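The values are calculated or read from the model by the stated rules, or taken from the named source; none is laboratory data. Please read all numbers here as calculations on a predicted model, not as lab measurements. Note: ideal-geometry Cβ built from the backbone for every residue, glycine included; neighbour counts use all protein chains shown.
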Amino acid sequence: MPPRNALLRRLPRILSTALVALATAELAARVDDWLTEGVPLTENQYSIDRIFQFSPDGVTGRPGARYLKWRLNSQGFRGPEIDPTRPRIATWGASETFGLYESPDQEYPRQLERLLAARCPGPDSWQVVNLALPGSSLSGGLKAFDQALAAVRPALILIYPSLANSALNPLMREQAEARRPRSAAAPAASPPATPAGPPWPKFESRLAGRLSEIAKNAAPEWLLTAVRQVFIWRATRQGPVYDRIPDAALTRFRAELAEVVDRAERAGVRPVLVTHANRFGHQIRPEDRPQLIAWRRFYPLLREEGFLDMEKRLNDVIRHLAADRGLILIDAARMIPPGGRSFVEFVHFTDEGARQMAQALADGLAAQGLACPPPAARP
């Protein structure tokens, strides 16, 4: 029998064997999640998104949710349950504050609580409540921000905004809106749809997510950088690319930061502004350029060299607003050393970087006489 005909005859067996192997691997992944994390075998979505919920007031944490090392308390905030008998400090920001790469309980809000307890031991030491959520920006979820302050009732709130989220996401939305086609005529009314019955459950492979993560970790840096550059090229073909963020973005950032400060003060919470640190400092070292490209992958409309300029100018806005409003400023951008010891990639901390951030905050509060809660801060 010719080899080609023999292969065709074996093809159904080869395909069926491959399908059985994939199904077995998928089942093994689900059993592993069930044994280690308690996730039901039939649950499709098993990613960090499962710990968040969406509402008209913005994205919030899902009370009691968990995913791998991330645990939310009964109010939907990362960390332990809130002790109503203790005075509280809240931290607010995005993924840098929520904590991505740190070991469990090593994100900077948890480390800050331990440092403050060492300076001021006893049952009345500060409890630090982490209100941050990945992807947050100054303009997003202000109603949820108000609700969190009302629920937690902290005496202080440390505001550590993600500068790229707050300054570049609005520009990216504006570009997307400008590219959206406009119809000259109103669309004709569609006939009422016939009920189609309940939708089929959506299947999401947990095996695919694991394989993707393995491939990403195993791929050489040059290959990941090349793939990111292709994504950036595709994303910037139809819109303007900025060498530096426009002045209008600085004005908007200041107004939005001032609004967050106003809302905190109206809630009776004392705001503390914190400048934003990053891996690069004031210059790009050749070994760090792949991380800069990785950063730009999320915000392709700004050229790589514009990111450090953006960080400098927006941090200056934070400093000037603190001076103008008489607010406490903790200048973390000048206190945390750049480099891979402090940062896993562009802005997210290592365990050591989170320790340095917590130390900077603890020292800044101590300089203002706030290492121990003042009498007015106690419930």
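Need pairs with beta-carbon distance below 6 Å; first residue among the hydroxyl-bearing types (Ser, Thr, Tyr) and crowded, with 22+ Cβ neighbours inside 10 Å and within the range 145-171, second part of a helix (DSSP H, G or I) and modelled with pLDDT under 95; sequence gap 6+ or separate chains.
Listed by first residue and then by second, the contacts come to nothing, as the list is empty.
Given the options 302, 308, 250, name the one that is within 30 Å of residue 181 (Cα to Cα), under 21 Å from the mean Cα position of the chain (by Cα) and touching a residue at least 12 places away in the same chain (Cβ under 8 Å). I'd like the intermediate steps shown before the answer.
Values: 308 fails: within 30 Å of residue 181 (Cα to Cα); 250 fails: under 21 Å from the mean Cα position of the chain (by Cα).
Going through 302, 308, 250 in turn, the sole match is 302.
So residue 76 passes all but one of these: (1) of a type in the set (Gly, Ala, Ser); (2) part of a loop (DSSP other than H, G, I, E, B); (3) in contact (Cβ under 8 Å) with a residue 24 or more places away in the chain. Which condition number does it fail?
Checking residue 76 against (1) of a type in the set (Gly, Ala, Ser); (2) part of a loop (DSSP other than H, G, I, E, B); (3) in contact (Cβ under 8 Å) with a residue 24 or more places away in the chain, the one that fails is (3).
Got at least one residue in the range 88-100 being within 16 Å of residue 365 (Cα to Cα) and part of a loop (DSSP other than H, G, I, E, B)?
no
Go through the range 50-73 and give me each residue that's in a helix (DSSP H, G or I) and of a type in the set (A, V, I, L, M). It would help to see each step written out before you state the result.
First, pick out the residues of the range 50-73 that are in a helix (DSSP H, G or I): 50-51.
The answer is 51, and nothing else.
A quick yes/no check of all residues on (1) farther than 26 Å from residue 119 by Cβ; (2) among the aliphatic types (A, V, I, L, M); (3) in contact with a Leu (Cβ under 7 Å, 6 or more places away or on another chain):
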{"site": "314", "(1), (2), (3)": "yes, yes, yes"}
{"site": "324", "(1), (2), (3)": "yes, no, no"}
{"site": "336", "(1), (2), (3)": "no, yes, no"}
{"site": "349", "(1), (2), (3)": "no, no, no"}
{"site": "355", "(1), (2), (3)": "no, no, no"}
{"site": "360", "(1), (2), (3)": "no, yes, no"}
{"site": "364", "(1), (2), (3)": "no, no, no"}
{"site": "373", "(1), (2), (3)": "no, no, no"}
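Quick check: anything in the range 238-247 under 30 Å from residue 151 (Cα atoms) and free of Cβ contacts under 8 Å to residues at least 24 places away in the same chain? Walk me through it before giving the result.
To start, the set of residues in the range 238-247 that are under 30 Å from residue 151 (Cα atoms) comprises none.
No, the range 238-247 has no match at all.
For residues in the range 218-258 being hydroxyl-bearing (Ser, Thr, Tyr) and either under 26 Å from residue 327 (Cβ atoms) or not in a helix (DSSP H, G or I) (or both), which is modelled with the lowest pLDDT?
To start, the set of residues in the range 218-258 that are hydroxyl-bearing (Ser, Thr, Tyr) comprises 225, 236, 242, 251.
Applying the additional criterion that residues be either under 26 Å from residue 327 (Cβ atoms) or not in a helix (DSSP H, G or I) (or both) yields 236, 242, 251.
Numbers: 236: 91, 242: 96, 251: 97.
Step by step, filter the range 218-258, then rank; the result is 236.
Quick check: is even one residue across the range 135-150 part of a strand (DSSP E or B), modelled with pLDDT of 95 or more and either out of contact with any Cys (no Cβ under 6 Å at 6 or more places or on another chain) or among the β-branched types (Val, Ile, Thr) (or both)?
No, that holds for no residue.
Only one residue in 263, 297, 341, 279 is of a type in the set (Lys, Arg), in contact (Cβ under 8 Å) with a residue 24 or more places away in the chain and not in a helix (DSSP H, G or I). Which one?
So the residue among 263, 297, 341, 279 that is of a type in the set (Lys, Arg), in contact (Cβ under 8 Å) with a residue 24 or more places away in the chain and not in a helix (DSSP H, G or I) is 279.
Here is a check on your reading of the model: is residue 90 at pLDDT 95 or above and loosely packed, with under 15 Cβ neighbours inside 10 Å?
Spelling it out, it is not the case that residue 90 is at pLDDT 95 or above and loosely packed, with under 15 Cβ neighbours inside 10 Å.
Do we have any residue at all in the range 303-320 that's among the aliphatic types (A, V, I, L, M), assigned to a loop (DSSP other than H, G, I, E, B) and within 29 Å of residue 238 (Cβ to Cβ)? Spell out how you get there, then give the answer.
If we filter the range 303-320 for residues that are among the aliphatic types (A, V, I, L, M), which is where we start, we get 308, 310, 314, 317-318.
So of that shortlist, the ones also assigned to a loop (DSSP other than H, G, I, E, B) come out as none.
Scanning the range 303-320 turns up no residue that is among the aliphatic types (A, V, I, L, M), assigned to a loop (DSSP other than H, G, I, E, B) and within 29 Å of residue 238 (Cβ to Cβ).
Only one of (1) free of Cβ contacts under 8 Å to residues at least 24 places away in the same chain; (2) in contact with a Lys or Arg (Cβ under 9 Å, 6 or more places away or on another chain); (3) over 28 Å from residue 340 (Cβ atoms) fails for residue 234. Which number is that?
(2)
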